[in-house]
Amino acid sequence: MSLYDKFGRQITDLRISVTDRCNFRCVYCRSADPENYRDHDEILSWAELRRLAGIFVSLGIRKVRITGGEPLVREGVEEYIAHLKALGVVDLSITTNGHLLAERCDRLIAAGLQRINVSLDSLDAVKFERITRTRSYEKVMEGIEAVQKSRLAPAKVNAVLVRGLNDDEVEAFAAFARERGVIMRFIEFMPLDADRHWSRELVVPAAEVYQRIHAQWPLEQIPHEKSETARKYRFADGAPGEIGLIASVTQAFCGHCSRIRLTADGRMRTCLFSKEDRNLRGLLRANAADEEIVEWVKAMVMEKEEGHRINEPGFVPPSRTMVFIGG
Ligand code: SAM
Ligand code: SF4
């Protein structure tokens, strides 16, 4: 069985947010104010997540990324990864802030994880603290090092650039990619922050990042899959490392989007920017049969938006922010 939307796009990727909790408070994501987390019983149990994974794999999902909140704060992630692997997921990855990564890296890999993305928004410990509102810079660096020493090297390191905050570090991040041999990915700031500070002026366009790095170290494009979000580049001088540009705001890649999302509280989203999400948990907990869930998912996918409308007048950011959606 395969999942198609009404624009003929086949849906093969699923992002699963396993928790809405996080040990960081990144300024572009969570609020500094205390936030209400969902009650524990609103969050899908591992048993529910295992059942849904089986249904999604039967529907042709081949690629799963585990995210959150911070996925490593929830006990049991390794066991869930092993379950996904056993189900036949062929591309299994995680996005983490890296705080707990050094101590968990081996276990995650042993469970079957194939790729690790670590968020790192500054190479300056003081600025890192200002952005994440934690003092975890060293721990995140250790996490990246652990990936680099493992068979999953090179690590993908994600930086969200915010104008006036860390856009002065573009060249330093590129130098970091060259020195450490990591894949340095720059993500445009999206209107999904809890404090609603996003504005177009705060977005650092991927084209600018390209020009700045290319001026210092010429870049060569690496071919990419149509559904991939990042445009990828290597250094023309043969230095190690790679650059990825994710232009989610300035050059949307919705046309080839093959992705859907499951939030920690069991809601499905067909786009990061969907105005509303759909309550799968309700169906699950009403003892729906697998066939019923399959039909529900197929109908939901049919409604996947053609693309986001950030660049259109009257765009309204979704009420759910990144930490609740799962990036
Ligand atoms: N806590 C983990 C982490 O930070 O890597 C995983 C969840 S986080 C929501 C997933 C990704 O979304 C991270 O790379 C983070 O930098 C990114 N992100 C969060 N808020 C964002 C925003 N407003 N715009 C662009 N990316 C954002
Ligand atoms: Fe937590 Fe990740 Fe959001 Fe930062 S980006 S607050 S680490 S969920």
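Taking each pair of different alpha-carbon atoms in the chain once, compute 1/r for the pair, average those values, and report the inverse of that mean as the Kirkwood hydrodynamic radius in Å to one decimal.
Value: 20.2 Å, from the Cα pair sum.
If I fit a long axis through the Cα atoms of helix 46-58 and take the longest principal axis of the Cα atoms of the chain, what angle between them do I get, 0 to 90°, rounded to 10?
90 degrees
Counting DSSP beta bridges with both partners in the range 3-325, what percentage is antiparallel, nearest 5?
Beta bridges within the range 3-325, antiparallel portion: roughly 30 percent.
Have a look at the DSSP beta bridges in the range 110-260 and tell me what percent are antiparallel, nearest 5.
About 40 percent, rounded to the nearest 5.
To test your reading of the geometry: what angle, between 0 and 90 degrees and rounded to tens, separates the Cα axis of helix 206-216 from the longest principal axis of the chain?
Between the helix axis and the principal axis of the chain, the angle is about 30 degrees.
Taking a spot 7 Å from the Cα of R38 along the direction of its beta carbon, which residues of the range 255-296 have an amide N less than 13 Å from it?
Under cut-off, by backbone N: 261-269, 277-285.
Ignoring ligands, DNA and RNA, what accessible area per residue does the chain give at 1.4 Å, in Å²?
43 Å²
Percent relative contact order of the chain, based on C-alpha pairs within less than 8 angstrom and at least six residues apart?
The value is 22 percent.
Output the lone cysteines of the chain: those with no second cysteine's C-beta under 4.7 Å from their C-beta.
Within the chain, the cysteines lacking a partner Cβ under 4.7 Å are C22, C105, C254, C257, C271.
Among I109, A289, L161, whose Cα projects farthest towards the positive end of the dipole of the chain, with charges put on the beta-carbon of Lys, Arg (+1) and Asp, Glu (-1)?
In the chain, that residue is A289.
Scan the range 1-93 for chymotrypsin sites (Phe, Trp or Tyr not before Pro) in coil per DSSP, keeping those whose Cβ has at most 13 other Cβ atoms within 10 Å, and list them by number.
The qualifying sites are F7.
Using the Cα centre of the chain as origin and beta-carbon charges of +1 (Lys, Arg) and -1 (Asp, Glu), tell me which of A264, V90, I16 is placed farthest towards the positive end of the dipole.
Checked the options; the winner is V90.
Would you please give the residues with an amide H less than 5 Å from that of V162, counting only those at least 5 places away or on a separate chain, with H modeled from the backbone geometry?
Those lying under 5 Å, H to H, from V162 are D167.
Please report the carbon-and-sulfur percent of the accessible area for the chain; probe 1.4 Å, protein heavy atoms only, DNA, RNA and ligands left out.
50 percent
The values are calculated or read from the model by the stated rules, or taken from the named source; none is laboratory data. Since the structure is predicted, the reported quantities are computational estimates derived from the model, not experimental observations. Please note: Cβ atoms are built from the backbone with ideal geometry, for glycine as well, and neighbour counts cover all protein chains shown. For accessibility, only protein heavy atoms count, side chains too; no ligands or nucleic acids. Shrake-Rupley method; radii C 1.70, N 1.55, O 1.52, S 1.80 Å.
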